[in-house]
Amino acid sequence: MPFDPVYDRVSRVIPPIEWASMQDDVRAINALKRDRRAVILAHNYQTPEIFHGVADIVGDSLALAREAEKSDADIILLAGVYFMAETAKLMNPGKTVLIPDAAAGCSLAESITPADIALLRQRHPGVPVIAYVNTSAAVKAASDICCTSGNAKRIVESLGVPEVIMLPDEFLAQNIARETDIKIIAWAGHCEVHERFTPADLINLRESHPGIVILAHPECPPEVVAVADFSGSTAVMADYVATQKPARVALITECSMSDNISLLNPATQFVRPCNLCPHMKRITLKNIRAALETMQTEVHIDPAHFAPARRAVERMLADR
Ligand code: SF4
């Protein structure tokens, strides 16, 4: 096969025979981006041919929204799930935001509605509502401030109150509650990827891979986080591997994260006890190409939700 600089980046995780079926779409997408003045934002859970082959900006949902703000592109294509595309639109109201499959949802975002928040506020008058970024724009609009898994503790403690409502991820709320004196009222939403990990999975890993460093995402149940060596968001995990350079590591999170990060850290051995996110995997090279060709599906936010949802995100961003 002639030298292909894009394939060179992913050749350790994609066999040549698979790349042969991908390279036409990769070339077409990169040409379409130039023609349309578009950028592709890809979440850490996207597959390597997307993450390393066509994306311009990669990271967690917050990093994607922040970086997109700085771009002078006319079009943002979000290779991720719907709430991320909404957040990109909130932060970039003048740009066209596309998502290749509008059905790419999230079990956390779907676990709560604005009506649920109204009930929580009735039950807990005066208690501020912190919405994880993994929520719809409508839910963000009904909240006081957003948080990510990376800044949740700081946001909880920044409000100067003894008690907060933190939703919708029950496990993230429980994990943060162990680190702070602020009382946290949680909601019973779960990430369908992270809730499936068990402490036994991690104990088995340690037994079969002596010396392994285990990093767990804080959307995992607290009993899983308790037996990990370290817990942090996808951005924090990537940073940990890059700076600490463990000889052998396991990332307790979505499958593609290890593939993507392993390509950037060839000296580290990755053991991959992963679970797939079916929503993230709705995004493919084929539908990215189709989205740029047809300019579908464009993301719009209900005007009634736009300003309060953006305010909740901006309040979080103001707390650095
Ligand atoms: S991995 Fe979990 S939190 Fe992320 S999009 Fe999938 S279901 Fe939602």
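The values are calculated or read from the model by the stated rules, or taken from the named source; none is laboratory data. The structure displayed is predicted, hence computed values, not measured ones. A quick note on method: Cβ atoms are made from the backbone with ideal geometry, for glycine too, and the neighbour counts reach across all protein chains shown. Please note that ligands, DNA and RNA were not included when accessible areas were found on the heavy atoms of the full protein model with its side chains. Shrake-Rupley method; radii C 1.70, N 1.55, O 1.52, S 1.80 Å.
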Open item on the list: Over the Cα atoms of segment 170-216, each weighted equally, I'd like the Debye log10 I(q)/I(0) at q = 0.25 Å⁻¹, rounded to two decimals.
Closed with: -0.93
TODO: Leaving ligands, DNA and RNA out of it, report the carbon-plus-sulfur percent of the accessible area of segment 16-91 at a 1.4 Å probe.
DONE: 48
Open item on the list: I need the phi-derived Karplus couplings for segment 265-282: 6.51 cos²θ - 1.76 cosθ + 1.60, θ = phi - 60°, integer Hz, Gly and Pro marked x.
Closed with: 9, x, 7, 9, 8, 9, 9, 10, x, 10, 10, 7, 9, x, 6, 4, 7, 6
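Kirkwood Rh over Cα pairs of the chain into Stokes-Einstein at 10 °C, 1.306 mPa s: D in µm²/s? Walk me through the numbers before you get to the answer.
Details: Rh = 20.3 Å.
Rounded, D is 78 µm²/s.
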- [ ] List the residues whose amide H sits under 5 Å from the amide H of Val58, counting only those 5 or more places along or on another chain, with H placed 1.01 Å from N in the peptide plane.
- [x] Ala42
Task: Under-5 Å amide H pairs with Ile185, H placed in peptide plane, nonlocal only - done: Val164, Ile165, Met166
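Find the accessible area per residue for segment 217-299; the probe is 1.4 Å, ligands and nucleic acids are left out, and the unit is Å².
Numbers: 3300 Å² over 83 residues.
Each residue of segment 217-299 exposes 40 Å² on average to a 1.4 Å probe.
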Task: ³J(HN,Hα) computed for each position of segment 283-289 - Karplus, 6.51 cos²θ - 1.76 cosθ + 1.60, integer Hz, glycine/proline x - done: 8, 9, 4, 4, 7, 5, 4
Open item on the list: If you average the alpha carbon positions of segment 100-138 and of segment 21-62, how far apart do those two centres end up, in angstrom?
Closed with: 29
- [ ] Let me know the Rg and Dmax you get for segment 177-320 when you use only its Cα atoms, in Å.
- [x] 18.6, 54
- [ ] Averaging sequence separations of C-alpha pairs under 8 Å and six or more residues apart, then dividing by the length of the chain, give the relative contact order as a whole percent.
- [x] 21
Task: Estimated vicinal HN-Hα couplings, Hz - segment 200-208 in sequence order (Karplus 6.51, -1.76, 1.60; Gly, Pro = x) - done: 4, 4, 6, 5, 4, 4, 5, 5, 8
Task: Listed peptides 108-118, 142-152 by packing density, highest first (mean Cβ within 10 Å) - done: 142-152, 108-118
Task: chymotrypsin sites (Phe, Trp or Tyr not before Pro) restricted to segment 1-68 and DSSP loop, no more than 14 other C-beta within 10 Å - done: Phe3
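Quick one: work out the % antiparallel among DSSP beta bridges in the chain, nearest 5. Let's see the in-between values first.
Numbers: 1 of 33 bridges.
Close to 5 percent.
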Open item on the list: Quick check: convex hull of the Cα atoms in segment 76-179, volume per residue, rounded to a whole Å³?
Closed with: 109
TODO: In vacuum, with every alpha carbon of segment 1-73 counted as one equal point scatterer, what does the Debye formula give for log10 I(q)/I(0) at q = 0.11, 0.20, 0.28 Å⁻¹? Two decimals, please.
DONE: -0.30, -0.88, -1.28
